[in-house]
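Undergrad: One structure, as structure tokens, below. Some questions next.
The values are calculated or read from the model by the stated rules, or taken from the named source; none is laboratory data. Remember, predicted model here, so these are calculated numbers, not experimental data. Reconstructed Cβ throughout: ideal geometry from the backbone, glycine too, with neighbour counts over all protein chains shown.
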Amino acid sequence: MIDMWRKEEILITLRKYYVPKGKIAKMFTLNKPWNRYKRAEFVDVIYEEMQYNMELFNLLSHTKEQQLAKDEYKEERIIK
């Protein structure tokens, strides 16, 4: 099953710099330079693009999995 992304998750990914915006922007064609988009506007563009761009979807999903694993590891270290 494909893990669906919500706009809020994309926003968190951008805010926490899990994936640089420049790297994401290289994966598809934009109407203007990526650094000219407001954050919410860029989230909308990414959300629409990832509906059919599997490379972008996979990049964000892989990054999400990595971050979840890091967070889980940190929690385990705190508990011990």
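Undergrad: What number of residues within the stretch 32-56 satisfy the criterion of being more than 16 Å from residue 12 (Cβ to Cβ) and part of a helix (DSSP H, G or I)?
TA: 10
Undergrad: Evaluate the following for residue 20: is it surrounded by fewer than 15 Cβ atoms within 10 Å (Cβ to Cβ) and closer than 23 Å to residue 66 by Cα?
TA: Yes; evaluated as a whole, the condition is true for this residue.
Table: residues versus (1) of a type in the set (A, V, I, L, M, F, W, C); (2) modelled with pLDDT of 90 or more; (3) surrounded by 10 or more Cβ atoms within 10 Å (Cβ to Cβ).
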{"site": "4", "(1), (2), (3)": "yes, no, no"}
{"site": "27", "(1), (2), (3)": "yes, yes, yes"}
{"site": "59", "(1), (2), (3)": "yes, yes, yes"}
{"site": "65", "(1), (2), (3)": "no, no, yes"}
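Undergrad: Could you look through the stretch 31-43, keep only residues that are surrounded by fewer than 15 Cβ atoms within 10 Å (Cβ to Cβ) and either in contact with a Leu (Cβ under 8 Å, 6 or more places away or on another chain) or in contact (Cβ under 8 Å) with a residue 12 or more places away in the chain (or both), and pick out the one that is farthest from residue 64 (Cα to Cα)?
TA: 35
Undergrad: Can you name the residue in the stretch 6-17 that is free of Cβ contacts under 8 Å to residues at least 12 places away in the same chain and assigned to a helix (DSSP H, G or I) and is also surrounded by the fewest Cβ atoms within 10 Å (Cβ to Cβ) among such residues?
TA: So the residue we want is 8.
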